[in-house]
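Please read the structure below before turning to the comments.
The values are calculated or read from the model by the stated rules, or taken from the named source; none is laboratory data. Everything quoted here is computed from the prediction, not taken from an experiment. Glycine also receives a Cβ, built like all others from the backbone with ideal geometry; neighbour counts cover every protein chain displayed.
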Amino acid sequence: MNILVCVKRVPQTGGRIVLTPDGQSIDTRFLGHTISPHEECGVEEAVRIVEKEGGTSAVLTLGPAEAEEQLRDAMAIGIDRAILLETGGTEWDPVSTAGVIAETIEAQEATNGEFDLLLFGNEAADTGDYQIGVRVAVALGRPVINGIKEIWFSDDRREVLARREAPGGGWETFDLPLPAVLGVKEGLNLPRYPSVPGRLRAKKKEIERVALGASPSGALGLGAGEDAAGIDSAIPGPTKLRLRLPAEERTAAEVIGRGPEAAPAVVDLLERIGVVAR
Amino acid sequence: MSGAVVAFVEHAGGEADRLSLEALALARGLAKLLGKPLDAVVLGSQGEAVARRLGSHGVGLAHTASDARLDDFAPAAWAASIRDVIERRSPAAIVAAGSERGNEVLAHVGACSGWPMAANVVEVTPGDSWKLTRQRWAGSLLEDAALDAPVRLLTVAPHAVAVDPLNTSAPAPTITRFEPELEPADLVARVVGREAKTSAGVSLTDAKVVIGGGRGVGSAAGFAQLEQLASLMNGAVGGSRVVTSLGWRPHSDQIGQTGLRIAPDLYVACGISGAIQHIVGCKAAKRILAINTDPDSPIMAVADYAVIGDLNSIVPAITAEIERRREAGRPST
Ligand SMILES: Cc1cc2nc3c(=O)[nH]c(=O)nc-3n(C[C@H](O)[C@H](O)[C@H](O)COP(=O)(O)OP(=O)(O)OC[C@H]3O[C@@H](n4cnc5c(N)ncnc54)[C@H](O)[C@@H]3O)c2cc1C
Ligand SMILES: Nc1ncnc2c1ncn2[C@@H]1O[C@H](COP(=O)(O)O)[C@@H](O)[C@H]1O
């Protein structure tokens, strides 16, 4: 199995989000970054599949030069190779992002052969656009399903079977012929921590870089491409104007006590709000 | 060119989904601003029955396709049906619920048409260029954006828009039946198997009381005391991403952005710092009680009540106190 995982570098925000003065992005001066959680599980799954089935795994990201860090993290747990579509830092809209990723996959496959499986996160943690994987799949003419929490293969390895949670509880199974595209969710597996030798190996690996430039408008012509599902040109967007923080509903918690001595006061409260019978 | 606003309505058991009613409410407001009609698309064998009852939500015209192949989730086929409506009706916008399915189906519509799609919108202002506000980071951050395309595709963030009060005297909508042309490729990704819920005890999303544990619980074994307290209140136990990443609890117990959204009467956050990604999962709780050694941890800004100290002594003390009162309340024999 040859597998590609698309990941995104996102800030590791903590207690409160702080925005840059121009309202265009999160102030990340004091923040670390991480691979968006759903995609971390995609990376782990790709490594497990290749460990079991053979083949190769690759990771791809579109982002700033610093996103190299997330690619190396993925290689540290066992991904074979990495591709960085370097943006120069500003955020790209989802239509343009998907267009460039689809084109890159086509170019990669022309030289390295087809990917049997493309893994995406169900949604990116920061923008939550819920669409890049679907757009790439449609551009490449491959079947796609999102929300996946379990993946296995048919005996002849021609199909991928995948499960997602049904709206009212329970599970729904899908059965897609390969090559296919899956949007996965956290819970698919429990990602391993990278080992020290893994980190050292990842440090030495080459990263394939493609310079894209600073602004999404530079990519407008790229869209989903002429050959994509008969679409002549895609319209980019939505266009971000600015970010803002929602009105805060801050309360100051009423301290009802300290230590185990607070137990009677807590139970009084539980009785008052009716969760413990008086 | 009708310029109508078309809402895509998901349904189950003959009823429109709650999130679809929220999407309808936003779509109805938008139609009013535009001075255009509000339509609905309802798919599957049950679709027409559901559609008939949408008059009270302001729908004037409902497009229904009763093809049984649309009964189960098949995102490309559902999207092809919506595109059929777009072709015949030339609407100004398609509005769907920001549910897993709604987002996925609209992404397909956007991908096939080459139009942008805005997920989890909370407000729209039409004009020469349409302005909208959408949620990022599961609602911890808002984005103001422009959306321009022949047809605007958007989904409505869950629980961000109030459902309109029913206008029960409104007439049933006019029904237009249609038969979307489904290509074999549209039906490749469709449900082929189903497993029912295997529920043991009260679920996190249904429980009236949820006890959440974070890194402060210290170990997988430390959760036994939370289980014990929860069982006294017919509650359920959940946790932060730290405890699922460490393997102390299964991921299905995770509360937050990449886990579950809960809305109990009481959420007891034990040894949880209150990161924004955790808070988006529990902020719908009626009340939050925090048990934490750190009086300055961010959870204090969202909690209603707090006990400061070590949960390892506080949680067992609360359990003991509830049991003591139960004993005392029991008639002596
Ligand atoms: C993209 C993204 C998505 C995420 N999604 C989620 C999500 O869905 N859900 C989620 O929970 N997190 C999520 N996170 C992680 C989140 O940012 C935090 O890292 C996490 O919630 C912290 O977990 P915690 O509160 O258990 O641990 P910590 O932040 O380490 O907090 C531990 C708390 O326990 C207190 N404490 C320690 N010992 C004791 C004791 N003995 N008694 C009482 N109190 C004690 C400490 O004072 C502290 O407040 C996500 C992060 C990212 C970047
Ligand atoms: N800049 C990016 N680079 C690589 N993959 C991305 C990027 N943005 C999004 N993706 C992938 O597409 C998925 C869905 O993203 P989105 O549609 O933005 O919510 C993510 O979980 C990633 O797997």
Exercise. If you take the residues of segment A:5-21 that are touching a residue at least 24 places away in the same chain (Cβ under 8 Å) and in a loop (DSSP other than H, G, I, E, B), which of them is farthest from ligand 2 (Cβ to nearest atom)?
Worked result: A:I17
Exercise. Just to be sure, is A:G14 more than 14 Å from ligand 1 (Cβ to nearest atom) and within 14 Å of another protein chain (Cβ to nearest Cβ)?
Worked result: no
For this session: Residue by residue through segment B:1-32, note down the ones that are within 14 Å of chain A (Cβ to nearest Cβ) and hydroxyl-bearing (S, T, Y).
Result: B:S20
For this session: Give the residue, chosen from A:V43, A:V7, A:V59, that is under 19 Å from the mean Cα position of the chain (by Cα), away from ligand 1 (no atom under 16 Å from the Cβ), surrounded by 23 or more Cβ atoms within 10 Å (Cβ to Cβ) and at pLDDT 95 or above.
Result: A:V59
Seminar exercise, completed: Note: among A:E186, A:E172, just one is facing chain B (nearest Cβ under 7 Å), within 15 Å of ligand 2 (Cβ to nearest atom) and surrounded by 18 or more Cβ atoms within 10 Å (Cβ to Cβ), namely A:E186
For this session: Name the one entry in A:I132, A:I151 that is modelled with pLDDT of 95 or more, crowded, with 19+ Cβ neighbours inside 10 Å and closer than 27 Å to B:K197 by Cβ.
Result: A:I151
For this session: Test each condition in (1) away from ligand 2 (no atom under 14 Å from the Cβ); (2) closer than 17 Å to A:K8 by Cβ for A:V134 and report the one that comes out false.
Result: (1)
Problem set entry | Every residue from segment A:112-156 that is within 16 Å of ligand 1 (Cβ to nearest atom), of a type in the set (D, E, K, R) and touching a residue at least 40 places away in the same chain (Cβ under 8 Å) | A:E123, A:D126
Seminar exercise, completed: Filtering segment A:23-40 down to residues that are more than 16 Å from ligand 1 (Cβ to nearest atom) and more than 11 Å from chain B (Cβ to nearest Cβ) yields A:R29
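Check whether at least one residue in segment B:71-78 is closer than 23 Å to B:V161 by Cβ and surrounded by fewer than 24 Cβ atoms within 10 Å (Cβ to Cβ), and report yes or no.
Within segment B:71-78 (the criterion being closer than 23 Å to B:V161 by Cβ and surrounded by fewer than 24 Cβ atoms within 10 Å (Cβ to Cβ)), the answer is no, since none of the residues qualifies.
Only one of B:A12, B:A62 is aliphatic (A, V, I, L, M), assigned by TED's automatic domain parsing to the domain that holds B:R177 and surrounded by fewer than 17 Cβ atoms within 10 Å (Cβ to Cβ); which?
B:A12
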For this session: Within segment A:46-56, identify whether any single residue is closer than 20 Å to A:V181 by Cβ, within 17 Å of the chain's Cα centre (by Cα) and more than 12 Å from ligand 1 (Cβ to nearest atom), and answer yes or no.
Result: yes
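Would a scan of segment B:197-210 turn up a residue that is surrounded by fewer than 21 Cβ atoms within 10 Å (Cβ to Cβ), at pLDDT 95 or above, within 25 Å of the chain's Cα centre (by Cα) and within 9 Å of chain A (Cβ to nearest Cβ)?
yes
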Exercise. Has segment A:246-256 got any residue that is over 30 Å from B:V121 (Cβ atoms), surrounded by fewer than 20 Cβ atoms within 10 Å (Cβ to Cβ), in contact with a helix residue (DSSP H, G or I) (Cβ under 9 Å, 6 or more places away or on another chain) and facing chain B (nearest Cβ under 7 Å)?
Worked result: yes
For this session: Would you check which residues across segment B:262-277 are in contact (Cβ under 8 Å) with a residue 60 or more places away in the chain and more than 16 Å from ligand 2 (Cβ to nearest atom) and list them?
Result: B:I272, B:I276
For this session: Determine which single condition A:G133 fails, assuming it passes every other condition in (1) more than 14 Å from every other protein chain (Cβ to nearest Cβ); (2) not in a strand (DSSP E or B).
Result: (1)
Seminar exercise, completed: Of B:P295, B:P316, the only residue that is at the interface with chain A (Cβ under 8 Å from one of its Cβ atoms) and part of a loop (DSSP other than H, G, I, E, B) is B:P295
For this session: Considering only segment B:33-122, give the helices (runs of 4 or more DSSP H) lying wholly within it that have at least 3 residues that are within 13 Å of another protein chain (Cβ to nearest Cβ).
Result: B:75-89, B:100-113
Seminar exercise, completed: Scanning segment B:237-261 residue by residue, the ones that are touching a residue at least 40 places away in the same chain (Cβ under 8 Å) and under 17 Å from B:G222 (Cα atoms) total 1
